[in-house]
Amino acid sequence: MGYLAELHASLMRQTVPWEAILVLDGAGRALLPERLAADARIRVVELPHPVGAAAARNLGLRMVRTPLVCYMDDDDLVPDDSLAIRHRRITETGLGWVAGWSADLHPDGSTTIWRCPTPPGVHQPGDVTEYWASPEAEIPLGQTMLLARTDLVVAAGGHGGLSVGEDFLMVNGVTNLAAGELLSHVVYFYRQHDHQMSAGGAGAYRDLRGPSREFAFQHGRALRAALRRIRTGGQELVSR
């Protein structure tokens, strides 16, 4: 639980008020770091058995009481201004979501910014989908980069029913339903280590990665096309 304690410490350095939902996907409450367990801002959801990332995140989403929500994995960190810079911008603009860049955090403490295919700036509903070129290509945005309106994430269905790539479905839903903005500012540190689920060693993750990406890619384009038909009074549009 050392990584989780470090994530909690980075949350404690945020400069805007926050509360957190911590979902224990089959883990016991007794394993929680002492300072985290004593933090009244953190509500713990204990699940009776492991359900996987998508279900765990959605079961946590139902407990959110704040108008804005973002996601963090237990082995990652956030910069001190992560919440404040996105909160300020979404409040100023009234947009449905605001994202910032993510940076890989290496074991030696160095970082490398991931400049996602989506360029900085304001994007209208469906625009982000344009930047995912193929199922094998880089995804347009990462889900942990987003701060979004809670009701929008719920309306998007939260994290979709995939055991791998469920976060792609959430990004598809949020960015197709509402306009948002990507800031050229790092708001998330994605820790690189040998035991992370996406490192490639887990057979289930490796075997399902391709089919899951293909479904998520199709989902983004189908959702964009359906919403555009609705917005244009039912006229068929050719997907670019």
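The values are calculated or read from the model by the stated rules, or taken from the named source; none is laboratory data. Just so it is clear, the model here is predicted, and its values are computed rather than measured. Backbone-built Cβ (ideal geometry, glycine too); neighbour counts: all protein chains shown. Calculation scope for accessible area: heavy atoms of the full protein, side chains included, ligands and nucleic acids excluded. Shrake-Rupley method; radii C 1.70, N 1.55, O 1.52, S 1.80 Å.
Here is a yes/no grid of residues against (1) within 15 Å of the chain's Cα centre (by Cα); (2) in a loop (DSSP other than H, G, I, E, B); (3) on the phi < 0 side of the Ramachandran plot:
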{"site": "Gly26", "(1), (2), (3)": "no, yes, no"}
{"site": "Leu36", "(1), (2), (3)": "no, no, yes"}
{"site": "Ala40", "(1), (2), (3)": "no, yes, yes"}
{"site": "Arg57", "(1), (2), (3)": "yes, no, yes"}
{"site": "Thr66", "(1), (2), (3)": "no, yes, yes"}
{"site": "Met72", "(1), (2), (3)": "yes, yes, yes"}
Exercise. Being more than 27 Å from Gly94 (Cβ to Cβ) and either out of contact with any strand residue (DSSP E or B) (no Cβ under 6 Å at 6 or more places or on another chain) or in a loop (DSSP other than H, G, I, E, B) (or both) is the filter here, so list the residues in the range 149-195 that pass it.
Key: Gly161, Leu162, Ser163, Val164, Gly165, Glu166, Gln192, His193, Asp194, His195
Quiz item: Could you say whether any residue in the range 73-92 is more than 30 Å from Gly2 (Cβ to Cβ) and in contact with a strand residue (DSSP E or B) (Cβ under 7 Å, 6 or more places away or on another chain)?
Solution: yes
Quiz prompt | Filter result for Val122 (in contact (Cβ under 8 Å) with a residue 60 or more places away in the chain, β-branched (Val, Ile, Thr) and open to solvent by 50 Å² or more (accessible area, probe 1.4 Å)) | solution = no
Self-check item: Selection count where residues are in a loop (DSSP other than H, G, I, E, B), of a type in the set (Ser, Thr, Tyr) and over 18 Å from the mean Cα position of the chain (by Cα), scope the range 94-145
Solution: 2
Quiz item: In the list Ala225, Ala204, which residue meets the criterion of being over 15 Å from Glu130 (Cα atoms) and either of a type outside the set (Val, Ile, Thr) or modelled with pLDDT of 95 or more (or both)?
Solution: Ala204
